[in-house]
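The values are calculated or read from the model by the stated rules, or taken from the named source; none is laboratory data. Everything numeric in this text was worked out from a predicted model, so none of it was measured. Positions of Cβ are backbone-derived with ideal geometry, glycine not excepted, and every protein chain shown enters the neighbour counts. These accessible areas exclude ligands, DNA and RNA; they are computed on the full protein's heavy atoms, side chains included. Shrake-Rupley method; radii C 1.70, N 1.55, O 1.52, S 1.80 Å.
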Amino acid sequence: MTYDLVVIGGGPAGVAGALTAARAGLRVALVDSGARLGGQYFRHSAVPGAEPGLGRFLRQGRALGERADVLLRHQAWSAAREPDGTLVVHCVTRSSSAPGGGAGERTVAVRARRLLIATGAYDRPLPFPGWDLPGVLTAGGAQALLKGSGVVAGRRIVVSGTGPFLLPVACGLAGAGARVLGVFEAGVGLGLVRQPLLALDKAGEAVRYAVGLARHRVPYRTRQAVVAAHGEREVEAVTVARLDKAWNVLATRVVECDTVAAGYGFVPQIELGTQLGCETRHDVDGSPVLSVDAAQRTTVPGVWAAGEPTGVGGWRLSELEGRIAGLAIVAGHGTAPRTAPAPSTDAAAGPRGDLTTARAPAPGGDPAAAAGRPGEQEMPGEPEVPGELEMPGELEMPGEPGEPGVPVVPGVLVRRRARWRAFGEALQRAYPVEPGWQGWLRDDTLVCRCEEVPLARVREAQDLGATDARSVKLLARPGMGWCQGRICGYAVSCLAGEPPRPPRRPIAQPVTLGALSESGEASDRAPADDPPPHPNPRRSS
Amino acid sequence: MSDVIVVGAGVVGAACAYYAARAGLDVTVIDRGPVAGGTTGSGEGNVLVSDKEPGPELELAVLSNRLWRSLAERHGGNGGFEFEAKGGLVVAETPEVQERLADLAAEQAAKHDVEHTLVPAGSLRDYEPHLAGDLAGGVHYPQDAQVQPMLAAAALLGHGARSYGRGTLRLRLGAAVTGFTRSSGRVTGVRTTQGDVRGGAVINAAGTWGGEVAALAGADLPILPRRGFILVTEPLPEPLIRHKVYTAAYVTNVASDSAGLETSAVVEGTPAGTVLIGASRERVGFDRTTSVPVLARLAGQAVALFPALREVRAIRSYCGFRPYCPDHLPVIGADPRVPGLYHACGHEGAGIGLAPATGHLLAQLVAGQEPDLDLSPFRPGRFSEEDQ
Ligand SMILES: Cc1cc2nc3c(=O)[nH]c(=O)nc-3n(C[C@H](O)[C@H](O)[C@H](O)COP(=O)(O)OP(=O)(O)OC[C@H]3O[C@@H](n4cnc5c(N)ncnc54)[C@H](O)[C@@H]3O)c2cc1C
Ligand SMILES: Cc1cc2nc3c(=O)[nH]c(=O)nc-3n(C[C@H](O)[C@H](O)[C@H](O)COP(=O)(O)OP(=O)(O)OC[C@H]3O[C@@H](n4cnc5c(N)ncnc54)[C@H](O)[C@@H]3O)c2cc1C
């Protein structure tokens, strides 16, 4: 069967997009590799019960389950277009209860006319001596520990890195009974107030976390970071350094602990988009993200993206984008997917650079605002449950490309998104990764843990003529292992002196050869016939 | 000013530079990207004599095989590029195919001294314990070997600079060649995005882009891309596969003129513990879009050869564009139309294997010596009408 829409990712973006489309009557499938919906934030609730938006997310998830096929434990490893234009998402699943399931993996192909990529982001780690010791986790990895309480209680944890998302992690860990010995923010820390946009709403949350940290007596130190971990078989202590502006080490001290949670921002997960040929751009922090227009359309016809693959800005932005994508998909439903690529986003071209949807609101008499709820406050606030807000009659069909100002999406959502996006970009600007971390490394510090590549080998590759990250990888193997450079890719780019490039991962997730060999079957009509086996190469033709 | 400018820092350009330096020439290697950033960085490292029909290419391959071995010996045993004389095993699905494989091997031996051993079905597992049980036999080629192509290119450039060049093998990376400088018809150097570079001769080793570089000098060279996908598995704790193992169908695919997809499993282990599964062949221009049917087919063929691979995970895949000429032979020699310009490109799916012989013969030519092999089958002018 061919769905109207397949959504990859069951975080706030994917669920909002899927639910919006399903409520409008589209046949929708959502795939997620996790055992539950929720994504990075709602699946590993950092402050159980107290998470803003969690209750609402859970309601959305339940509503989605009634209206769409939710395929959990389905890991998408490829997104492709078949010769007839159908989009197909290849997944592997291990669920043995499914029909045909046995011991091994199965591959499942989900076909649809439209695709929404909502695959989120993952933590961006930086290497440091000892980061390969058991007990060193990413911030997200530490958050995942919270699921099983008791795993955390009694641990002595140090949180280090940069960015405001360290705070909920630390609060969650402390709340679950861990001793959080400190949050070491390599940057300037709670400089939120210095960013006017950030002061708006987010400050409320920041204050909440500051209170939480104070209650648990968790010290919060800026311009400090864990620059080395020590231990025989696992972490026993870390070196915490005071840093200068460029993150060079000024002074150090040793802190005994058994766990380190470190995170230096996020890497948007975009390889399913790049597999399909979607254009990318560099976000403020240098991360490659998928280019989308005001309707969240990528440059590939029939393919939308929402949430962190288009730029990191917190769960509210993700949810809004998912919802906007859902509305746009609904509005375009019934019309054939456009064959010409959508205009790519040019940050300078105005709000998301698209003419077919609402433009920037003119104060006062904004035509697009009519589509939203009158009197709706425009500041970033709690978005509503998708579908609650708009009456179907308020949606209009998209105009032809070039025909300005026909709103697909209520202007109020567009404006909110602009606010949250500005907020996300301001965060990225406020917490940059400074180059001094490279000085934390020693020659024998592993840069790539999968392939056990030390810094010295990276430098050797550069001496051999590797002038970019790809050739460093080819000559020294960082990024060739199990994680395909997800963990070390950013660091290797920095060491090679270039911004990270969009990933080339034709196989987005590991898949057994057995399962892979079965993936071709349904679409085997495409390839040409094999010539008959014939060992003698001197052919008559 | 250098004696020789080599355009392209792939394995072929590196070999040309190495042998030119070894012959006492001053060399400058220019590449628009890094070392091994072209097809050399997206192929496999098979150094094969088994897959070629008797003729000029096999002659080149046999010479090159010998040169790879001596390069490895000369530079520390594995050459700094993971040289492994692991041998190849070609397997046949049916007795008829086995018979024809045997005929081919006999002919390769008679004409080119290629060594082989016929392997009856019952002995296949002495060579490869995990092979499928339903095969009809095979042929073992002890000369087949393997190198790590990217390291090979880098190491040849390094050895060339350190061992022979007295500092005269220079590398200019990040400079794209945009044209040629000439004086009274003769090439005197190249124009690049980083300024002009002067040299007594220019070797075009631009691989799949060799046609574009030739065109900058006004010479027509019909070199086109032939796409290939490779699957890479997770590293295995124990080596599962000892030789490079492929089916007889591979041999026909290599020589095929079909534009459509052809796949035949070539399966081998690497020192890193991964298993490489190649290789598909398609003419689809420079299209990088992943083709799931192609990957599925490669996986299926590998599992058919080695059932134990079924539960092994593929963790990545990559594709590259082999530089091919209409007659499937490389272009090696002086361009009669452009004095001072030499070509060393178009090696299709054998450029790694053929690189040392190409570099060695071309260095002889540029240094004014008689090449060890007759280069006329590879002459650059062979595609033009005057040549017919
Ligand atoms: C440690 C940490 C703390 C954070 N704290 C906060 C906070 O306090 N406030 C805040 O606003 N944000 C926070 N965030 C960011 C938050 O995670 C995101 O804002 C939010 O989850 C993004 O939603 P999303 O829908 O875009 O992506 P996600 O929630 O990440 O959802 C993506 C989903 O896609 C699935 N997926 C990805 N690839 C595949 C695939 N190939 N196949 C199948 N499924 C796939 C994933 O399993 C995941 O469920 C934090 C993040 C981290 C890591
Ligand atoms: C999937 C696959 C598997 C393969 N397996 C094998 C195998 O097992 N064994 C084997 O022998 N061969 C194999 N090959 C073929 C082999 O990879 C190629 O024949 C070989 O790499 C060609 O090397 P090269 O140096 O000629 O070209 P390249 O490595 O492509 O080098 C050409 C260089 O020229 C540079 N260049 C181009 N234009 C310009 C310009 N204008 N200015 C400056 N620089 C320029 C490029 O940047 C590039 O670095 C395989 C190929 C593929 C795709």
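Out of B:G351, B:G333, which single residue is on the phi < 0 side of the Ramachandran plot and either open to solvent by less than 10 Å² (accessible area, probe 1.4 Å) or within 16 Å of ligand 2 (Cβ to nearest atom) (or both)?
Step by step, each of B:G351, B:G333 is checked, and only B:G351 is on the phi < 0 side of the Ramachandran plot and either open to solvent by less than 10 Å² (accessible area, probe 1.4 Å) or within 16 Å of ligand 2 (Cβ to nearest atom) (or both).
For the structure I just gave you, tell me whether B:R227 is more than 30 Å from B:P293 (Cα to Cα) and basic (K, R).
Criteria not met by B:R227.
Of B:L124, B:L101, which residue is free of Cβ contacts under 8 Å to residues at least 40 places away in the same chain, crowded, with 21+ Cβ neighbours inside 10 Å and in a helix (DSSP H, G or I)?
The unique qualifying residue is B:L124.
Give segment B:19-52 a look and list any residue that's under 23 Å from B:R227 (Cβ atoms), more than 9 Å from ligand 2 (Cβ to nearest atom) and acidic (D, E), or say none.
B:D51
State whether one or more residues within segment B:245-252 are within 14 Å of chain A (Cβ to nearest Cβ), closer than 30 Å to B:G381 by Cβ, at pLDDT below 85 and surrounded by 15 or more Cβ atoms within 10 Å (Cβ to Cβ).
Yes: one or more hits.
Say we look at segment B:354-368 and pick out the residues that are in contact (Cβ under 8 Å) with a residue 40 or more places away in the chain and open to solvent by 10 Å² or more (accessible area, probe 1.4 Å); which of these is nearest to ligand 1 (Cβ to nearest atom)?
Selected residue: B:H360.
Out of everything in segment A:9-42 that is outside any helix (DSSP H, G or I) and among the β-branched types (V, I, T), what residue ends up being nearest to ligand 2 (Cβ to nearest atom)?
So the residue we want is A:V31.
Residue by residue through segment B:260-284, note down the ones that are under 20 Å from A:A80 (Cα atoms) and more than 19 Å from the chain's Cα centre (by Cα).
Hits for segment B:260-284 are B:G260, B:L261, B:V284.
Would you point out which residue out of A:G120, A:G161, A:G130 is at pLDDT 95 or above and touching a Pro at 6+ places or on another chain (Cβ under 8 Å)?
Only one candidate qualifies: A:G120.
Per-residue answers, yes or no, for (1) touching a strand residue (DSSP E or B) at 6+ places or on another chain (Cβ under 8 Å); (2) away from ligand 1 (no atom under 15 Å from the Cβ); (3) assigned to a helix (DSSP H, G or I):
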site: A:T274; (1), (2), (3): yes, no, yes
site: A:R281; (1), (2), (3): yes, yes, no
site: A:G286; (1), (2), (3): no, yes, no
site: A:A294; (1), (2), (3): no, yes, no
site: A:V312; (1), (2), (3): yes, no, no
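Among the residues of segment A:205-262 satisfying the criterion of being open to solvent by less than 30 Å² (accessible area, probe 1.4 Å), of a type outside the set (A, V, I, L, M, F, W, C) and under 26 Å from the mean Cα position of the chain (by Cα), which is modelled with the highest pLDDT?
Checked segment A:205-262; the qualifying residue modelled with the highest pLDDT is A:T259.
Counting residues that are within 16 Å of ligand 2 (Cβ to nearest atom) and among the hydrophobic types (A, V, I, L, M, F, W, C), which helices (runs of 4 or more DSSP H) fully inside segment A:436-521 reach at least 3?
Those helices (runs of 4 or more DSSP H) span A:469-476.
What about B:I277, is it of a type in the set (V, I, T), within 14 Å of chain A (Cβ to nearest Cβ), more than 10 Å from ligand 2 (Cβ to nearest atom) and part of a strand (DSSP E or B)?
yes
With the requirement that a residue be among the charged types (D, E, K, R) and either touching a Ser or Thr at 6+ places or on another chain (Cβ under 8 Å) or not in a helix (DSSP H, G or I) (or both), what does segment A:54-83 give you?
The answer is A:D69, A:R73, A:R81, A:E82.
Among the residues of segment B:316-330 satisfying the criterion of being over 15 Å from B:T233 (Cβ atoms) and open to solvent by less than 20 Å² (accessible area, probe 1.4 Å), which is farthest from ligand 2 (Cβ to nearest atom)?
Per the criteria, the residue is B:C325.
Does B:S42 meet the test of being under 18 Å from the mean Cα position of the chain (by Cα), touching a residue at least 60 places away in the same chain (Cβ under 8 Å) and buried (at least 24 other Cβ atoms within 10 Å of the Cβ)?
no
Among the residues of segment B:291-315 satisfying the criterion of being at the interface with chain A (Cβ under 8 Å from one of its Cβ atoms) and part of a loop (DSSP other than H, G, I, E, B), which is surrounded by the fewest Cβ atoms within 10 Å (Cβ to Cβ)?
Among them, the one singled out is B:V312.
Of all residues in segment B:28-44, which are more than 12 Å from B:L171 (Cβ to Cβ) and hydroxyl-bearing (S, T, Y)?
Selection gives B:T39, B:T40, B:S42.
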